[in-house]
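This report refers to the structure that appears directly beneath it.
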Protein chains: 2
Amino acid sequence: MTKVAIGIDIGGTSTKLGAVDENGQIHFQCSLSTDKYADFESFTNVIAKTIRHELEQGTQYLELAGIGIGAPHGVRRRGTIEHAANLPWSGVLPLKESLEDLLGIEVIVTNDANAAAMGEKVFGGAKGMDDFVMITLGTGLGSAIISNGMLIEGMDGFAGELGHVTYNHINGRYCRCGRRGCLETYVSATGIKRTIFKLLADHFGPSELRGVSFDDLSTKMISESAHRGDQIALEAFEYTGKILGSKLAETVQHTNPEAIFLLGGLAQAGDYIFKPAKKYLDESLLHVFKDKVQVLPSELLANSAPVVGAASLVWHKHNHELIAQ
Amino acid sequence: MTKVAIGIDIGGTSTKLGAVDENGQIHFQCSLSTDKYADFESFTNVIAKTIRHELEQGTQYLELAGIGIGAPHGVRRRGTIEHAANLPWSGVLPLKESLEDLLGIEVIVTNDANAAAMGEKVFGGAKGMDDFVMITLGTGLGSAIISNGMLIEGMDGFAGELGHVTYNHINGRYCRCGRRGCLETYVSATGIKRTIFKLLADHFGPSELRGVSFDDLSTKMISESAHRGDQIALEAFEYTGKILGSKLAETVQHTNPEAIFLLGGLAQAGDYIFKPAKKYLDESLLHVFKDKVQVLPSELLANSAPVVGAASLVWHKHNHELIAQ
């Protein structure tokens, strides 16, 4: 009999779900289309049905230890998803309550970056660290701050909105939040695409990216171009890393972390992003912090990180209760 | 028999020391010159002697519950003062160890802003708050962040260096830390003096501050001039509050606090500083945070706040242990 926690990662288009044991091993994993469900109730019903079905189907007997969920605007202390613009359902969604009613087991809800941070702490490179920061680089920039071994959630559960700290509020890039110059308009998969297009506009030299549309352009393509020495691609990484590093200095001066982990497509570009980020971070720091904070790639596998992170909410709570006893 | 905690506030020129009971009442208070003691050992000997003397002198029998100390660059987890530029002794000073050896009672050391934050939580306006920020506005800008009811200290104990987040790193004001444009070069008692002198240089209109030297100018004089309608003084407060508010937005987006407390001479200017700070804070915030965070004056009396704050380190620990039992 193996104890597993179900990790659920709710995204705008698809929701991933998997069973993760105490060692981080995944026993099953599946996904469903989030945007297929017009009302929230049918969505939670299908989630519950899928979990029951998968647990019964397995060749191995799996005992359910709990359910952890990472979702945009997920708030742990209320167990809700609140006003998430990229989900099909508006308002405040009682996710914890709904699933607990349906499945009779404890459900922990938080936002996706917090789930990733917990995954890093339980199963990844942040084992044993009490003070670190997780930056998730996807369409936007998500973040989570762990201090004193605990997630910083703040009064309303909205702490860690580093995607919307301001890099340039006067003539900065327009942000989907309605303001200008937010960090994620520069540092994210979308941000680096915007930078490529800015550089293609500013310069007249050749670039293999001149033949690619904004919609077709991906972080992977930019990395590959950089690898082949494309000057526009190389400069875009330098520019992105510089802004990331100089803004992370402010985060370090707030919370003095041991490490900052980067997760997501942009983080997979390796040295192209890590080198300038680390360089400009150290340049921007007050002397007492210089050369002390590590900037590291997440040790979670990118494609399973959200599910493993969500499941780790359950394992972290279990470990914590064991220690407190 | 009354239990008291000794609170000690170590500053560059003077050290204040007082006995504070569980209700925040001060039973005795005295001060000594920090810069009179060339070596750290004589300083701690005098501190110990003073405490013993005061306890024996009192008409009332006082029982010592512990000693709390706020000091520049004080680090709680190591019980040390580390490389404090404005104290007469260099290097790492084993403050906790020295005083515990001399007095045989537990000593808690932290930095001055952390002590003030604890004072606010135990005796002031932050009672019952688990998430708040304390900004101390003196010669420089100090800060402390409380999240999940605990001080954020970070890996090295240096968290909360908001005085050195960057407002303008390109052509900003020179800072004593060696960098440019740090927040405290604009927002502090010294910062607003620099702003007055910048405005006196930029404008040609009359101001009652044209007759005052930089050395003679004080926050109190600027407040009084503002009160009499002096345009330079009024504009200096608006400018200072604007920079404070817009930078505090980043702090709010990191930690989502319930309130931000301002303590110190500049905070005593009331609406002159609070109104623009609050206005530009709300203007700079992401929508989920808007109009939610309070900006409040510290409820601790300015002249006894450092001593009461330091003593509250002891009472907070006692309360915490009582709850944990």
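A few points about this structure:
- With 26 Å as the limit on Cα-Cα distance, the pairs of A:127/B:292; B:220/B:275; A:16/A:121; B:247/B:275; A:198/A:220; B:36/B:198 that go past it are A:127/B:292; B:36/B:198.
- Relative contact order, whole percent, for the stretch B:140-212 stands at 23, derived from Cα pairs under 8 Å and 6 or more residues apart.
- Take each residue of peptide A:242-255, count the partner chain Cβ atoms within 10 Å of its Cβ, and average: the result is 5.
- Rounded to whole Hz, the Karplus (6.51, -1.76, 1.60) HN-Hα couplings of the stretch A:226-233, x for glycine and proline: 4, 4, 8, x, 5, 5, 5, 5
- Calculated diffusion of the stretch A:145-224, Stokes-Einstein form, Kirkwood radius summed over Cα pairs, 37 °C and 0.692 mPa s, µm²/s: 222 µm²/s
- The HN-Hα couplings worked out from phi for the stretch A:250-259 by the Karplus form 6.51 cos²θ - 1.76 cosθ + 1.60 (θ = phi - 60°) are 5, 5, 4, 6, 7, 10, 6, x, 7, 8 Hz, whole numbers, x standing for Gly and Pro.
- Each copy carries a label point for residue B:204 at 7 Å from Cα along the beta-carbon vector; from one copy to the others these points are 4.5 nm apart, nearest first.
- Kirkwood hydrodynamic radius of chain A, Cα pairs, Å: 20.5 Å
- GNM flexibility winner over chain B from B:19, B:201, B:113 (Cα, springs under 10 Å): B:201
- Label geometry 7 Å along the beta-carbon vector: residue A:86 inter-copy distances in nm: 4.5
- For residue A:295, residues with placed amide H under 5 Å, excluding near neighbours: A:260
- Nearest-to-axis residue of chain A, judged by beta-carbon position, where the axis maps A onto B, in Å: A:254, 3
- D by Stokes-Einstein for the stretch A:158-197, Kirkwood Rh over Cα pairs, 37 °C, 0.692 mPa s: 327 µm²/s.
- Ordering of A:133-139, A:312-318, A:302-308 by packing [mean C-beta count within 10 Å, highest first]: A:133-139, A:312-318, A:302-308
- Structural size metrics of the stretch B:74-146, computed from C-alpha coordinates, are Rg and Dmax of 14.0, 38 Å.
- Sorted shortest first, the distances from the residue A:52 label point to those of the same residue in the other copies are 7.5 nm; each point sits 7 Å from Cα along Cα-to-Cβ.
- Taken residue by residue and averaged, Cβ atoms of other chains lying within 10 Å of the Cβ of B:284-294 number 4.
- Most mobile of A:107, A:46, A:20 in a GNM of chain A (Cα contacts under 10 Å): A:46
- Estimated from helices alone, the mean residue ellipticity of the protein assembly as shown at 222 nm is -12000 deg cm²/dmol (sum of -39500 (n - 2.57) over DSSP H runs with n ≥ 4, per residue).
- Neighbour counts of C-beta atoms inside 10 Å place A:164, B:320 in the sequence B:320, A:164, starting with the fewest.
- With a cut-off of 15 Å between beta carbons, the residues surrounding residue B:220 carry a summed charge of -3, where Lys and Arg count +1 and Asp and Glu -1.
- For the stretch A:180-192, Karplus couplings with θ = phi - 60° (6.51, -1.76, 1.60), whole Hz, Gly/Pro x: 10, x, 4, 3, 6, 6, 10, 10, 4, 4, 5, x, 6
- The mean number of Cβ atoms from other chains found within 10 Å of a Cβ in peptide B:142-152 is 4, as a whole number.
- Descending principal axes extents, the stretch B:96-240, alpha-carbon based, whole Å: 60, 33, 33
- Shape metrics for the protein assembly as shown, restricted to C-alpha atoms - Rg then Dmax, Å: 26.7, 88
- Förster radius 30 Å - calculated FRET efficiency between residue A:150 and residue B:100 (Cβ-Cβ, nearest 0.05): 0.55
- Relative contact order for the stretch A:1-118, counting Cα pairs under 8 Å that sit 6 or more residues apart, in percent: 27 percent
- Mean-square fluctuations from a GNM of chain A, with a 10 angstrom spring cutoff on Cα atoms, peak among A:271, A:202, A:35 at A:202.
- Considering the stretch A:1-122, its Cα convex hull presents a mean projected area of 6.9 nm².
- Positive dipole terminus of chain B, leading residue within B:273, B:20, B:168 (C-beta point charges): B:168
- Working from Cα pairs under 8 Å separated by at least six residues, relative contact order for chain B is 20 percent.
- Ordering of A:223-233, B:150-160 by packing is B:150-160, A:223-233, highest average first (other Cβ atoms within 10 Å, averaged per residue).
Only the coordinates and a few stated rules stand behind these numbers; no lab work does. Here the structure is a predicted model, which is why all the values come from computation and not from measurement. Cβ: placed from backbone, ideal geometry, glycine included. Neighbour counts: every protein chain shown.
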